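Right, one structure below, let's go through it.
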Amino acid sequence: MNPLDKPYAQLALALLTVLVLPLFLKSGILATEILIFAMVVAACNLLLGYTGLLSFGQGIFFGIGTYVAGICLTRWSVPVPLVLAGAAVLGAATATLVGWLSIRRQGVYFVMLTLAFSQLFYFVAYTFSGVTGGDNGLLGVPRPSVGGTALNSPWSYYTFVAVCFVAVFALLVMVTQSTFGRTLLAIRENEGRAAAIGFPTKLFKLEAFAISGAVTAFGGALHAMLIGVAPLSNIEYHTSELILIMTIIGGSSSLFGSVLGAGFYLLLADALSTVWPRWLLLLGLVLVTVALFLQRGLWGLVERGYDLVFRRERAPETPAEEH
Amino acid sequence: MTDIALQTRGLGVKYGNFHALAEVDLQIRRNSVHSIIGPNGAGKTTLFHALTGRVRASSGRIELDGRDITDTSDDDRVRLGIARSFQVTSLFPNLALRENLRLAAQGRTPWQALAPWRRAEANAEALAIADEVIERLALAPVSNRLAGELSHGQQRRLEVGMAMAARPRVILLDEPTSGMGIDDIEAMKQLIRDLGRDHTVLFIEHNMGIVMNISDMVTVMRLGRKLVEGPPAQVRDDPEVQRAYLGNMITGDIA
Ligand SMILES: Nc1ncnc2c1ncn2[C@@H]1O[C@H](COP(=O)(O)OP(=O)(O)O)[C@@H](O)[C@H]1O
Ligand SMILES: [Mg+2]
């Protein structure tokens, strides 16, 4: 195993990211958005990389978190910790339901089902505009306050999100290192065998969905407080697609790969959009390049780079001989 | 407790309209070595699928220690004491050999593994079982290698180890020696005989040398049905069995 894949290395890299972003970025909004998407993408990776489930439904959970924050903060002024907890619980519940119905089918049909749910939830949000604000979304979502002062400056809110991000990332590292996480890997590798040795595999997949949904909705709530709106676009199919693309770019073999994926995508989009109005075209080309030449995503590149620099002098590991 | 560990009555399995298994009555005595033989397509593997719950029985019933398990799910049956190996090797190829066995040992208590905060190493018993199986199968030199990188013979041994790690009372082995070299076959024969001392062993085998040597009882299947059953010597000399096999496999060559 590459030393960078060890849990403490992953955690250290996450901490480093939080500290380094303010040094290189002028925009606190962009930096905060990167951290929010980083945790959401890592949650998607728990399903894709660790469980082998390609879920097109992540936008549902993200949108639900957004609406929980939007509704609770603009209508009832619920305390922010409660809002975040509520978003996570509702996200987990929705993900459990979507997962429960979707994992009855395998492969392409599973993906189709999550896609269908993603459309369904979008139309529900669009239709019940009395609750969700429909096309306009919910405006005027306030920032949280700490010690009586609202975190209205971008970098003060960044600090708040950074603390959340590190906590969530640590939690996800713990999950993937646990006996649960290792069972997920087994299910991804060979579900039939996992069932034959006694694991109720559906239950494990459901739990992965629940955790992923909780984190994604948590991120959605943070996002609404960041931009001050709970927009309809957060529950659109496009958001699901975005999260998946970031997950794949980052590479699905490590959680920190997801942080790279989110950062890379958002920074690139930000840079390109100032260069050329048709920047999405350029972004598409970059994505095709990544898909063609970086099979293991950006994280694969990092691992290869590490090996080149630190392991060149070591002879390749010779497999132990038998007999 | 009765003397019978595993019993089926009128067991049948249908794939669509095709009766892969029909009216199979089996009685497997506790701590005996019971082998199932028969030509390819006889329904032997299907019988194992039905016994372990991988496919549903379309008729008949299955009893483990007198308890009806016909409608019990495959993972629940592991906890009741049935474990199996597969004819076509089925491992976790990108996980280490030891991790494969640790998972198999953990499978007996899967609810523990649902706790996302519990470390895998906290289950010392599962680790101990994994190491014990590694020792018994002489796989220690390669225990940290990925299962997918092992030689064919090692993979076949690990395949059997996956069943052993569940600490079952009844162990089902589907052609454990298929594709093995001579030395490995002899070791596997010793192992199966050994397992028979404290397990109920049900195994499918084409190598008549092994079958006739170590079985307490032999069941011959053909076209999804039981053809003949009895002690090895009696089965060997049965004219119907001779006819079914045209004599060629009874002599002990390796299929
Ligand atoms: N999943 C399946 N669907 C349809 N037919 C099957 C399936 N599995 C096995 N069969 C058929 O059932 C019969 C018994 O197969 P099997 O139990 O594998 O035999 P054996 O293990 O004795 O060689 C064969 O004719 C085989 O083609
Ligand atoms: Mg077979």
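Here residue A:60 passes the criteria (1) in a helix (DSSP H, G or I); (2) open to solvent by 40 Å² or more (accessible area, probe 1.4 Å) except the one numbered (2).
So which of B:57, B:42, B:20 ends up being away from ligand 1 (no atom under 13 Å from the Cβ), modelled with pLDDT under 95 and surrounded by 21 or more Cβ atoms within 10 Å (Cβ to Cβ)?
Values: B:42 fails: away from ligand 1 (no atom under 13 Å from the Cβ); B:20 fails: away from ligand 1 (no atom under 13 Å from the Cβ).
None of the others qualify; the one that does is B:57.
Let's see how each residue does on (1) within 14 Å of chain B (Cβ to nearest Cβ); (2) under 29 Å from residue A:295 (Cα atoms); (3) out of contact with any Leu (no Cβ under 8 Å at 6 or more places or on another chain):
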| site | (1), (2), (3) |
| --- | --- |
| A:196 | yes, no, yes |
| A:203 | yes, no, no |
| A:218 | no, no, no |
| A:221 | no, no, no |
| A:225 | no, no, no |
| A:234 | no, yes, yes |
| A:267 | no, yes, no |
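Selection within the range B:190-210: residues that are at pLDDT 90 or above and either among the basic types (Lys, Arg) or within 16 Å of ligand 1 (Cβ to nearest atom) (or both). The member of this set that is surrounded by the fewest Cβ atoms within 10 Å (Cβ to Cβ) is B:193.
Residues that are over 18 Å from residue B:27 (Cβ atoms) and more than 16 Å from ligand 2 (Cβ to nearest atom) within the range B:187-207 comprise B:187, B:188, B:189, B:190, B:191, B:192, B:193, B:194, B:195, B:197, B:198, listed in sequence order.
Applying the selection to the range B:23-39, what residues are part of a loop (DSSP other than H, G, I, E, B) and either open to solvent by 40 Å² or more (accessible area, probe 1.4 Å) or within 14 Å of ligand 1 (Cβ to nearest atom) (or both)?
If we filter the range B:23-39 for residues that are part of a loop (DSSP other than H, G, I, E, B), which is where we start, we get B:30-32, B:38-39.
Of everything in the range B:23-39, those that are part of a loop (DSSP other than H, G, I, E, B) and either open to solvent by 40 Å² or more (accessible area, probe 1.4 Å) or within 14 Å of ligand 1 (Cβ to nearest atom) (or both) turn out to be B:30, B:31, B:38, B:39.
In the range A:102-114, the residues that are closer than 17 Å to residue A:208 by Cα form Cβ pairs under 9 Å with partners that are among the charged types (D, E, K, R) and open to solvent by less than 30 Å² (accessible area, probe 1.4 Å), at six or more places apart or across chains, as follows: A:103/A:205.
Out of all the residues in the range A:177-195, which are assigned to a helix (DSSP H, G or I) and open to solvent by less than 10 Å² (accessible area, probe 1.4 Å)? Reasoning before the result, please.
First, pick out the residues of the range A:177-195 that are assigned to a helix (DSSP H, G or I): A:177, A:179-189, A:191-195.
Hits for the range A:177-195 are A:179, A:180, A:181, A:183, A:184, A:186, A:187, A:193, A:194.
Residues in the range B:22-55 that are away from ligand 2 (no atom under 12 Å from the Cβ), more than 14 Å from chain A (Cβ to nearest Cβ) and on the phi < 0 side of the Ramachandran plot: 12 in all.
The rows are residues; the columns are (1) open to solvent by less than 60 Å² (accessible area, probe 1.4 Å); (2) of a type in the set (Val, Ile, Thr); (3) more than 9 Å from every other protein chain (Cβ to nearest Cβ).
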{"position": "B:92", "(1), (2), (3)": "yes, no, no"}
{"position": "B:105", "(1), (2), (3)": "yes, no, no"}
{"position": "B:108", "(1), (2), (3)": "no, no, no"}
{"position": "B:114", "(1), (2), (3)": "yes, no, no"}
{"position": "B:123", "(1), (2), (3)": "yes, no, no"}
{"position": "B:132", "(1), (2), (3)": "no, no, yes"}
{"position": "B:135", "(1), (2), (3)": "no, no, yes"}
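Answer yes if at least one residue in the range B:73-88 is within 15 Å of ligand 2 (Cβ to nearest atom), in contact with a strand residue (DSSP E or B) (Cβ under 6 Å, 6 or more places away or on another chain) and part of a strand (DSSP E or B), and no otherwise. Among the residues of the range B:73-88, at least one is within 15 Å of ligand 2 (Cβ to nearest atom), in contact with a strand residue (DSSP E or B) (Cβ under 6 Å, 6 or more places away or on another chain) and part of a strand (DSSP E or B), which makes the answer yes. Within the range A:280-298, residues that are closer than 10 Å to residue A:251 by Cβ have Cβ atoms under 9 Å from residues that are surrounded by fewer than 16 Cβ atoms within 10 Å (Cβ to Cβ) in these pairs: A:296/A:304, counting only partners at least 6 apart in sequence or on another chain.
The values are calculated or read from the model by the stated rules, or taken from the named source; none is laboratory data. If you're wondering where the values come from, they're calculated on a predicted model, not measured in any experiment. Note that we place each Cβ from the backbone using ideal geometry, even for glycine, and neighbour counts take in every protein chain shown. Heads up: the accessible areas ignore ligands, DNA and RNA and are worked out on the full protein's heavy atoms, side chains in. Shrake-Rupley method; radii C 1.70, N 1.55, O 1.52, S 1.80 Å.
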